[in-house]
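A quick write-up on the structure given underneath.
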Amino acid sequence: MSTPSSSQGAPLATEKRETFSSRKLFILSAIGSAVGLGNIWRFPYVAYENGGGAFLIPYLVAILCAGIPLLFLDYSIGHRYRGSAPLAYRRANRKAEVLGWWQVLICFIIAIYYAAIIAWAAMYCWFSITKTWETNADGAAGFFMGDFLKVSDNVNVGFDFVGNIFIPMFFVWLVTIVIMVAGVNKGISRANAVFMPLLIVMFLILVVQSVFLPGAIDGLSAFFTPDFAALSNPAVWAAAFGHIFFSLSVAFGIMVTYSSYMKRKSDLTGSGYVVAFANSSFELLAGIGVFAALGFMAYNAGSSVDEVATSGIGLAFIAFPTIVSEAPLGSLIGVLFFGSLVFAGLTSLISILEVIVAAFQDKLGWKRVPATLVVGIPVAVISLVLFPTTTGLYLLDTMDAFVNQFGILACALVLVIVFGAGLGMLPKLAKHLNRHSSIKLGTGWKVLVGGIGPAALGYMLINELQSKMAESYSGYPVWFNGIFGWGMAGALIVGAIVLSLIPWSKNSKIDDPEFDQHRANVEAEEVPEVAGKEY
Amino acid sequence: MSAIAIVFMIISMLTIWGGLAVSLINLSRHPEKQDDDVIEPAGSAGN
């Protein structure tokens, strides 16, 4: 076939494709990816708002009927076609390559703003020691928007940099790139093997401490008291499916990429159940910790839990600093909470960046180190130019809202339609999953991915389209959301089409003897009815 | 904390943390298999 790569001194890969050295490390890294900021700051409030204890029912239904089946779809494609998202999809079907590049670009957008939030959390870890926000007359809210972010009154994109954010962001990128350069085993696996146990221990201490605060029981009571009327509200079910979808980080290339580093005889479904339930276990723990702390906050303010309950940036950077100021051993709560955000965020950022690095590694046929630098440095520079500024918060808010809905969600919908009804690949992928897995999949999985999946994702997407078109997001100017929201989401699709049209050179991984060997082994293991046909 | 809240707290913990425990037990009962080539690798220098 092609000559071995010895041409022109380019940094071409002669190294073998990396694999996670053990199942444990894959599972740990996949959990590290799934457990992110959303588990800590989003789940508790979503559950509280959508039926409290009763939310458990739609939540479990969503995990079993959508989350885990979609996770298995990602695993099967990544593992069978052993490539980054664009290459794996291309090997499945030439026309599907564009979906992979769409996911790569989605990951690029998420990576550039995600690093900013990790940097804020790192600074707040430090601020917790002296409770720096107490210097502001308007309390934690005034400090965050004013003294810390120095948010401009004009919704715009400016280059008025804030040193206190730029510096920690720089270090977030430095750490991330150093980990990525070291590769799957020495970098990603090791980072997860250190950060994940640390995150769990820190978070457990935080939860125990929170539960013993005065008023904590009221918070837990508010969190777990079921509102059964919520179960008849379709919006509650949509919230459960939406939350699980984002929480498990399915359908945006991460799990395709990670599963491509698994050994051939891996127990894919058995590992997937562990990852999915570990992710939910952490969320439940976060719900207990966060609502116990909010119960204390309400107790201290003489108000109800309902008045203080919030999520996202408001929870982390306004409510929690207030709790840190008022609680006994508050500084410890602060360091543990913000430290947890940093570790949960870093392990997710690594997985997001890996989608991009792996894609370029395959496309260019380069070795790990040059490919990581060629991807990581420009991504870091763009992130450092756009977000540590007085207008960074606006950009982050709009990009986050639009890339989630019209990037991830839209791409997932197209993905399930293409692989389900379009290419009819689900039977082949189910057989692939069943070959070495402990939990076998039957017709149910195909129905869930090919039928329930598109229906649930389509319903969510239509809802989002209606709400985002009804009024300008966050009250920002129409031009701002037009460019950085709608325009950005559209540009990702155009960019993906352009990238998929660039031909794969002979140095790329498109013709890879190692993959041919993998494929031959898989085919030899397969039952005769599938083997021999189109792979 | 009301009785119903306590009941739902316990049910949530049992299903979610229990689900993790069951998943881990299932995995531990199926040890990792070693990859070996089913068919002979093709000529190493390409063919």
Can you give the FRET efficiency to the nearest 0.05 for A:D516 and A:V175, using r as the Cβ-Cβ distance and R₀ = 41 Å? 0.65
Equivalent ellipsoid semi-axes - Cα gyration tensor, chain B, angstrom: 51, 11, 5
Report, as an integer, the average count of C-beta atoms from other chains found within 10 Å of each Cβ along A:212-223. 2
Given only helices, namely DSSP H runs of n ≥ 4 each adding -39500 (n - 2.57), what is the per-residue ellipticity at 222 nm of the protein assembly as shown, to the nearest 500 deg cm²/dmol? -20500 deg cm²/dmol
What are the extents of the Cα atoms of the protein assembly as shown along their three principal axes, in Å, largest first? 77, 53, 44
Contact-by-burial set, segment B:23-39, min loss 40 Å², accessible area of protein heavy atoms with 1.4 Å probe, reference chain alone, gives B:S23, B:N26, B:L27, B:H30, B:E32, B:K33, B:D35, B:V38, B:I39
Could you calculate the contour length gain from A:K265 to A:K95, that is, 0.36 nm times the residue separation minus the distance between their Cα atoms, to one decimal place in nm? 58.4 nm
When the gyration tensor of segment A:317-367 is built from Cα positions, what are the square roots of 5 times its three eigenvalues, in whole Å, from largest to smallest? 40, 9, 5
Quick P(r) readout (segment A:181-255; Cα-Cα; 5 Å bins; whole %) gives 3, 11, 10, 12, 16, 17, 14, 9, 6, 2, 0
Give the interface area between chains A and B as buried accessible surface, both sides summed, probe 1.4 Å, in Å² to the nearest 100. 3100
Counting only other chains, and only Cβ atoms inside 10 Å, what mean value do you get across the residues of A:364-377? 0
Taking protein heavy atoms only, a 1.4 Å probe, and rounding to whole percent, the accessible area of segment A:77-165 owed to carbon and sulfur comes out at 55
Just to check I understand the Karplus step: with θ = phi - 60° and J = 6.51 cos²θ - 1.76 cosθ + 1.60, what whole-Hz values come out for segment A:464-470, glycine and proline as x? 5, 4, 4, 6, 6, 7, 5
Averaged over all viewing directions, the convex hull of the alpha carbons in segment A:52-106 casts a projected area in nm² of 4.7
Gap in Å between the Cα centre of segment A:125-195 and the Cα centre of segment A:63-83? 33
Segment A:404-482 - percent relative contact order, Cα under 8 Å, separation 6 or more: 35
Grab the other residues whose beta carbon is less than 15 angstrom from that of A:Y59, score K and R as +1, D and E as -1, and report the net. -2
Just subtract the alpha-carbon distance of A:S505 and A:S304 from 0.36 nm times their residue separation and send over the number in nm, one decimal. 66.1 nm
Output ordering of A:247-256, A:232-241 (per-residue mean of other Cβ within 10 Å, highest first) is A:247-256, A:232-241
Please identify the GluC sites (Glu not before Pro) of segment A:459-535 that satisfy two criteria: DSSP loop assignment and at most 11 other Cβ atoms within 10 Å. Which are they? A:E471, A:E529, A:E534
Give me, ordered by chain and number, the residues 5 or more places off A:W366 or on other chains with an amide H under 5 Å from its own placed amide H. A:A13
Contour minus Cα-Cα span, A:N156 to A:S22, at 0.36 nm per residue, comes to 43.5 nm
May I ask for the Rg/Rh ratio of segment A:394-523, computed from Cα atoms with Rh as the Kirkwood radius, given to two decimals? 1.09
Which FRET efficiency value, to the nearest 0.05, is calculated for B:A21 and A:A229 with the Förster distance at 30 angstrom and r the Cβ-Cβ distance? 0.40
Would you mind working out the accessible area per residue for chain B, using a 1.4 Å probe, and quoting it in Å²? 68
Estimated vicinal HN-Hα couplings, Hz - segment A:308-317 in sequence order (Karplus 6.51, -1.76, 1.60; Gly, Pro = x): 9, 5, 7, 9, x, 4, x, 5, 6, 9
For A:337-348, A:153-164, ranked highest to lowest by mean beta-carbon neighbours within 10 Å, the order is A:337-348, A:153-164
Probe 1.4 Å, protein heavy atoms only - accessible area per residue of chain A in square angstrom: 35
Segment A:322-369 and segment A:200-246 have their Cα centres apart by a whole-number Å value of 23
Taking every residue in A:272-279, how many Cβ atoms of other protein chains lie within 10 Å of its Cβ, on average? 5
Which trypsin sites (Lys or Arg not before Pro) from segment A:395-475 combine a DSSP loop assignment with at most 15 other Cβ atoms within 10 Å? A:K440
Work out from phi, with θ = phi - 60° and the Karplus expression 6.51 cos²θ - 1.76 cosθ + 1.60, the ³J(HN,Hα) of each residue of segment A:216-225, listed in order in whole Hz, and give x for Gly and Pro. 4, 4, 5, x, 5, 4, 5, 5, 9, 5
In what sequence, largest accessible area first, do A:F246, A:F203 appear using a 1.4 Å probe? A:F246, A:F203
Which value, in debye to the nearest 20, describes the size of the charge dipole of the protein assembly as shown about its Cα centre when Lys and Arg Cβ atoms bear +1, Asp and Glu Cβ atoms bear -1, and nothing else is charged? 1620
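The values are calculated or read from the model by the stated rules, or taken from the named source; none is laboratory data. Bear in mind the structure is a predicted one, so any value in this text is a computation, not a measurement. Every residue, glycine as well, gets a Cβ built from its backbone with ideal geometry; the counts of neighbours run over all protein chains shown. In case anyone asks, the SASA skips ligands and DNA or RNA and just uses the protein heavy atoms, side chains included. Shrake-Rupley method; radii C 1.70, N 1.55, O 1.52, S 1.80 Å.
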